[in-house]
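*Asks:* Quick one: the structure is below, questions incoming.
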Amino acid sequence: MKANPGFGLCAVVVLAFSAPFTVAAAECIDCHDGVSSGAALKASPHMKLGEGKAGGSCVACHGEFDVSDDGHAKPPKVNCVKCHGAVEAQMSISVHGAGNVDAPKCVDCHGTHDVVRKGANHNRNQRIAAQCGACHDKELGIYTNSWHGKAPNDKVATCSDCHGAHDVLRPADPQSTVFRLNQAQACAKCHTDEERGFNPAMVSAVKDYFGSIHGLAVTKAGLMVSATCIDCHGSHDVTHGRDGGKNRISRAKIPETCGKCHAGVVKVYLESVHGKPFLDGNLDVPVCTDCHRSHQIRSHFDSGAATYTTHVAATCLKCHSQANVVNKYGIPEARVPTYLESYHGAASKLGDTRVANCASCHESHDIRASADPKSSTNPANMSKTCGKCHSVQDRAKPLITGKIHATLAEDRHWVPGIIEKLYTLLIVATMGFFLTYIIMDIIRNVRLRRSGKKGGGH
Amino acid sequence: MAQAPLKMLVIDDEPIILESYLKVFSPLRAEFDVTTAPSGEAGLAKLRETPFDLVITDLKMPGLDGLGVLEQGRKIRPDTDFAMMTGYASVDSAVGAMKFGATDFIEKPFSQDELVRFVRSLAELRFSRIRKREEEAGFERFSRPMLTQHIVLILTFTLLSITGVPLFFPETFKGVFFFDDSSYLRGLMHRISAVGLMFLSFYHIGYILLTEDGNKNLRAILPSIPKDLKEAGGNIMFTFGLRKDRPKAGKYSFFEKFEYFGVVWGSLVMVLTGLVMWFKDQVLLIAPLWFFDVAKVVHRYEAILAILTIAIWHMYNVHLKAGVFPMSRIWLTGRISRAEMLHEHPLEFEALTGRSADAEHGAGGPDDGKSEDRATRQGGAK
């Protein structure tokens, strides 16, 4: 067996203390050889028990009884609660409590002579999982394949970190740490702790969740159906965000994941100009999180939301300004810049919340090409779309037939374009003349002053 | 230009005196324009009708005497100079008349030469007095109502610019609009200022058509081709050093007329295109979309043109150029200094005073300690 400091320590302890200790232990050890030679026992915190007491560490747990002859009576049942009194209360209300005949006993999880301190050794997560997995084997199987299960360090979450140890309650129990409304805090315990060496972006994302619409619904409104961590990330099966196609939060899976609750929206989305290619396997199209984000989802009435009226153009711009996207799919160019140059765009940038943004005309989930008869931008529907804000009667042909997005100079009607060019010319010429005249006037005056100084009078 | 003749009224009960005046001054009619009256009352009656420059009256007359003419005449025409003719016996009263505000007196009998010298000295004194007053107070260029209209224009124009420009640079101005509804307020203030400008325009049209002052200024500012073009061309050549002397302008130089009609045109254009955009829902019922787009383009670019013109051209020409830098006070007081009048609007000076601008221009030199305007600096013929 490996030499370990505990061994040495125990040796010192054994030597340093009085005979009764040694004698008692020695008496038991005479027969129960296997126990005493275990490094585990010597390393155990229980070794210190019975120091200075008659009977030593063995009797501390097993109690005093007569060892006079070989066949001593069965010792009384070891009762951990004698010292660990607080645990009894926890255990009694837990799901593993008194009434549960299948429930583990102390020794089932903690061991007997090899009881170790909480922070004492490696692979804590797997050791604990193995303990629980002795009964909960299905979950153990899932956990072992998960990101937490596969992680090579001790700090990673294991069964007791989420479910509790002595106070495990059923998930349906409102007091349980994994009750739906408490669940996010269980993850947050580790995932908001910067000391653990997480990516700071991830830490702030998790903190953002609690301010998001899902987080507030859960923590403030107690809404059971609102999304918590496990709805998207899984619980025992939590996988890293970038792990392949099975992962619930990989791009290809996001509409399905969000659609678990937002079924109506996803149905509409899948019929849209973004959704149809998605069904064909195109992952260039935006999915839910591209517009709404993930941990910072807020109502679009909230000025912090990515979908707030004055932020919508920037969100759409993310794809609709990129040359590779625009070119690849033949999207008409400069749609968003023409919006930003228009009164709607300029006022929106100034913070006006009343003016139209992209979604006001194009809808948000139900975006369709204008040729589609159901599209909000189909000429037949234009008066209804514009009519959402403007008092447009059906007679307003210009709005129905005019090119809304065309830039001023290019595919507009030619008249405004010509006027713009003429004005530009006029302004440049006029200002050019003004500045030249002014400069010449200043030069003339300076010269006059200089010659005047030299010449004296006038 | 030829100086306008001095208008003289001579009052004496002796016809011989009146005839001798007429005889003496008829060869000098280019300088002196003589009118006679046989009595104090007749003289005052004539004075009420005509603003004479000079009244020479006999002291002792039946009916209203010289002192009476002096007293009442000064009330009727405070700007007219009065002189007395006295006989030997009434020198004391002549001296007394001086205390009543008469300028000078001449003793009878007097020779022709003495008379002419006397009248010339009176004319000199008068001229000096007037010049001194002009140098101290200048001339009225704009009446109070005109100044007020201008200030209202400044206010509406500034407000319109401030509330309009953010739409050109929304990224820059985002932080300025930091409270809810501030974008709505921007739009509202823009429209209110626009309505203000419309009211000002209507008022101004009424003013120039229906008031005397307005009419006068309207006539002065209407362009007269080819005179104005010649003046403009000459001005440009002078500025570029291709000509030695500046062409003479009247009350409004070519560039000032251009600016005025620029404002007229600009306001009209901005108001019309602004209304098209304000009531776009109604306009689009009857007009094609490109019409609306034209209104947008015009409104935007005309605004740029107007703001730049005011900021660069108007500010330089009115305030920043040599002579009045850093600010001309005319927009506050309505009065223009004598020297600036002679320099910038010599023809107007001649029209108002009847004197030649060229003659007086050089004579306002640095030794003239009374001059309050900064235009008369040392050095530099203007």
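The values are calculated or read from the model by the stated rules, or taken from the named source; none is laboratory data. All of these numbers come straight from a predicted model, not from anything done at the bench. Here Cβ is always computed from backbone atoms with ideal geometry, including for glycine, and neighbour counts include all displayed protein chains. Heavy atoms of the whole protein, side chains included, go into the accessibility calculation; ligands, DNA and RNA do not. Shrake-Rupley method; radii C 1.70, N 1.55, O 1.52, S 1.80 Å.
*Asks:* Which loop-located chymotrypsin sites (Phe, Trp or Tyr not before Pro) does the range A:218-310 contain, where loop means any DSSP state but H, G, I, E or B and the Cβ has at most 12 other Cβ atoms within 10 Å? Walk me through the numbers before you get to the answer.
*Replies:* Details: sites: A:Tyr269, A:Phe278, A:Phe301, A:Tyr308; in loops: A:Phe301, A:Tyr308.
Taking the range A:218-310 and a limit of 12 other Cβ atoms within 10 Å, the loop chymotrypsin sites (Phe, Trp or Tyr not before Pro) found are A:Phe301.
*Asks:* Another question, then. With the other protein chains left in place, how much accessible area per residue, in square angstrom, belongs to the range A:171-263 at a 1.4 angstrom probe?
*Replies:* Numbers: 5250 Å² over 93 residues.
On a per-residue basis, the range A:171-263 sits at 56 Å².
*Asks:* Which of B:Ile286, B:Ile162, B:Ile56 moves the most in a Gaussian network model of chain B with Cα springs under 10 Å?
*Replies:* Result for chain B, Cα springs under 10 Å: B:Ile286 fluctuates most.
*Asks:* Select from B:Gly96, B:Gly274, B:Gly43 the residue whose mean-square fluctuation is largest in a Gaussian network model of chain B (Cα-Cα springs shorter than 10 Å).
*Replies:* In this elastic network of chain B, the residue with the biggest mean-square fluctuation among B:Gly96, B:Gly274, B:Gly43 is B:Gly96.
*Asks:* Rounded to whole Å and sorted largest first, what semi-axes of the equivalent ellipsoid does the C-alpha gyration tensor of the range B:107-152 yield via the square root of 5 times each eigenvalue? Don't jump to the answer; show the numbers that get you there.
*Replies:* Numbers: eigenvalues 367, 17, 8 Å².
Values for the range B:107-152, descending: 43, 9, 6 Å.
*Asks:* Compute a Gaussian network model of chain B, connecting alpha carbons closer than 10 Å, and tell me which residue from B:Ser39, B:Ser111, B:Ser143 fluctuates the most.
*Replies:* B:Ser111
*Asks:* Taking the Cα centre of the range B:241-314 as origin, work out the dipole magnitude from +1 charges on Lys and Arg Cβ and -1 charges on Asp and Glu Cβ, in debye rounded to 20. Each step should come with its number before you reach the end.
*Replies:* Values: 9 positive and 6 negative charges, 98 e Å.
Dipole magnitude for the range B:241-314 comes out near 460 debye.
*Asks:* Over the range B:111-256, consider all pairs of different Cα atoms and compute the Kirkwood hydrodynamic radius from their mean reciprocal separation; express it in Å, one decimal. Walk me through the numbers before you get to the answer.
*Replies:* Details: mean 1/r = 0.0484 Å⁻¹.
Evaluated over the range B:111-256, this radius sits at 20.7 Å.
*Asks:* Moving on to the next point. Skipping prolines and chain starts, which residues have an amide H placed within reach, meaning under 5 Å, of the one on B:Phe32, given they are 5 or more residues away or on another chain?
*Replies:* Amide H neighbours of B:Phe32, under 5 Å, 5+ apart: B:Leu6.
*Asks:* Using the Karplus curve 6.51 cos²θ - 1.76 cosθ + 1.60 with θ = phi - 60°, what ³J(HN,Hα) values do you get for each residue of the range A:252-268, in whole Hz, with x for Gly and Pro?
*Replies:* 5, 9, 4, x, 5, 4, 5, x, 4, 9, 8, 5, x, 5, 5, 4, 5
*Asks:* If you don't mind, another one. So with the 1.4 Å probe, I'd like the accessible area per residue for the range A:282-396, rounded to whole Å².
*Replies:* Values: 6200 Å² over 115 residues.
Accessible area per residue: 54 Å².
*Asks:* Okay, moving on. Roughly speaking, to the nearest percent, how much of the range A:236-294's 1.4 Å accessible area is carbon and sulfur? Write out the running numbers ahead of the final one.
*Replies:* Values: 2040 of 3440 Å².
Using a 1.4 Å probe with all protein chains present, the range A:236-294 comes out at 59 percent carbon and sulfur.
*Asks:* Quick one: work out Rg over Rh on the C-alpha atoms of the range B:69-177, Rh as Kirkwood radius.
*Replies:* Values: Rg = 29.1 Å, Rh = 19.5 Å.
Value, to two decimals: 1.49.
*Asks:* Pairing the Cα long axis of helix B:212-221 with the longest principal axis of chain B, what angle in degrees results, from 0 to 90 and rounded to the nearest 10?
*Replies:* On a 0 to 90 degree scale, this one is about 70.
*Asks:* Heavy-atom accessible area of B:Leu122 with all protein chains present, probe 1.4 Å, nearest 10 Å²?
*Replies:* Looks like 10 Å² after rounding.
*Asks:* Estimate for me the total accessible surface buried between chains A and B (protein heavy atoms, probe 1.4 Å, no ligands or nucleic acids), in Å² to the nearest 100. Show your work: numbers first, answer last.
*Replies:* Details: alone 30120 and 22550 Å², together 48060 Å².
Separately minus together, A and B give about 4600 Å² buried.
*Asks:* Moving to a separate point now. Report, to one decimal in Å, the Kirkwood hydrodynamic radius for the range B:6-137 based on all distinct Cα pairs. List each step's numbers first, then the result.
*Replies:* Details: mean 1/r = 0.0680 Å⁻¹.
Taking every pair of different Cα atoms in the range B:6-137, averaging 1/r and inverting gives 14.7 Å.
*Asks:* Out of the range B:237-272, which chymotrypsin sites (Phe, Trp or Tyr not before Pro) are coil in DSSP terms and have no more than 12 other C-beta atoms within 10 Å? Before the final figure, lay out the partial values.
*Replies:* Details: sites: B:Phe238, B:Phe240, B:Tyr252, B:Phe254, B:Phe255, B:Phe258, B:Tyr260, B:Phe261, B:Trp265; in loops: B:Phe240, B:Tyr252.
Within the range B:237-272, no chymotrypsin sites (Phe, Trp or Tyr not before Pro) qualify (loop, at most 12 other Cβ atoms within 10 Å).
*Asks:* For the charge dipole of the range B:204-316, defined by +1 on Lys and Arg C-beta atoms and -1 on Asp and Glu C-beta atoms about the Cα centroid, which residue among B:Gly266, B:Pro226, B:Pro247 has the Cα displaced farthest towards the positive pole?
*Replies:* Sorting the options by dipole projection puts first B:Pro247.
*Asks:* Apply the Karplus curve 6.51 cos²θ - 1.76 cosθ + 1.60, θ = phi - 60°, to the phi angles in the range B:285-295 and return the couplings in whole Hz, x for Gly and Pro.
*Replies:* 6, 10, 10, x, 4, 5, 4, 4, 5, 4, 4
*Asks:* Within the set of other residues whose C-beta is less than 14 Å from the C-beta of A:Ile443, count the net charge using Lys and Arg as +1 and Asp and Glu as -1. Kindly include the intermediate steps, with their values, before the conclusion.
*Replies:* Values: positive: A:Arg444, A:Arg447, A:Arg449, A:Arg450, B:Lys321; negative: A:Asp441.
Cβ neighbours under 14 Å give a net charge of +4.
*Asks:* Can you give the accessible area per residue of the range B:6-137, in Å², using a 1.4 Å probe?
*Replies:* Details: 6790 Å² over 132 residues.
Here the residues of the range B:6-137 average 51 Å² of exposed surface.
*Asks:* Here's something else I'd like to know. What residues does the range B:239-253 have that are buried by at least 30 Å² of accessible area in the full protein assembly compared to the chain on its own, 1.4 angstrom probe?
*Replies:* The answer is B:Thr239, B:Phe240.
*Asks:* Same structure again: As an exercise, identify the trypsin sites (Lys or Arg not before Pro) in the range B:142-247 lying in DSSP coil whose Cβ has no more than 10 other Cβ atoms within 10 Å.
*Replies:* Working: sites: B:Lys174, B:Arg186, B:Arg191, B:Lys216, B:Arg219, B:Lys227, B:Lys230, B:Arg243, B:Lys244; in loops: B:Arg243, B:Lys244.
Counting only loop positions with at most 10 other Cβ atoms within 10 Å, the trypsin sites (Lys or Arg not before Pro) in the range B:142-247 are B:Lys244.
*Asks:* OK, next. Using packing as a proxy for protection, rank B:197-207, A:230-240 so that the peptide with the highest average count of other Cβ atoms within 10 Å comes first. Numbers along the way, then the final one.
*Replies:* Values: B:197-207: 15.5, A:230-240: 18.4.
The packing order, highest mean first, is A:230-240, B:197-207.
*Asks:* Give, rounded to the nearest 20 debye, the magnitude of the charge dipole that chain B has about its Cα centre when Lys and Arg contribute +1 at Cβ and Asp and Glu contribute -1 at Cβ. All intermediate terms of the calculation are to be shown ahead of the outcome.
*Replies:* Details: 45 positive and 47 negative charges, 250 e Å.
Dipole magnitude for chain B comes out near 1200 debye.
*Asks:* Of A:Cys135, A:Val203, A:Thr192, whose Cα points farthest to the positive end of the dipole of the range A:125-205 (charges on the beta-carbon: +1 Lys, Arg; -1 Asp, Glu; origin at the Cα centre)?
*Replies:* About the Cα centre, the residue reaching furthest to the positive side is A:Cys135.
*Asks:* Right, next: How well do other chains shield peptide B:185-195, expressed as the mean number of their Cβ atoms within 10 Å of each residue Cβ? Can you show the working numbers first?
*Replies:* On the way: counts 0, 4, 5, 0, 0, 0, 0, 0, 0, 0, 0.
That works out to 1 on average.
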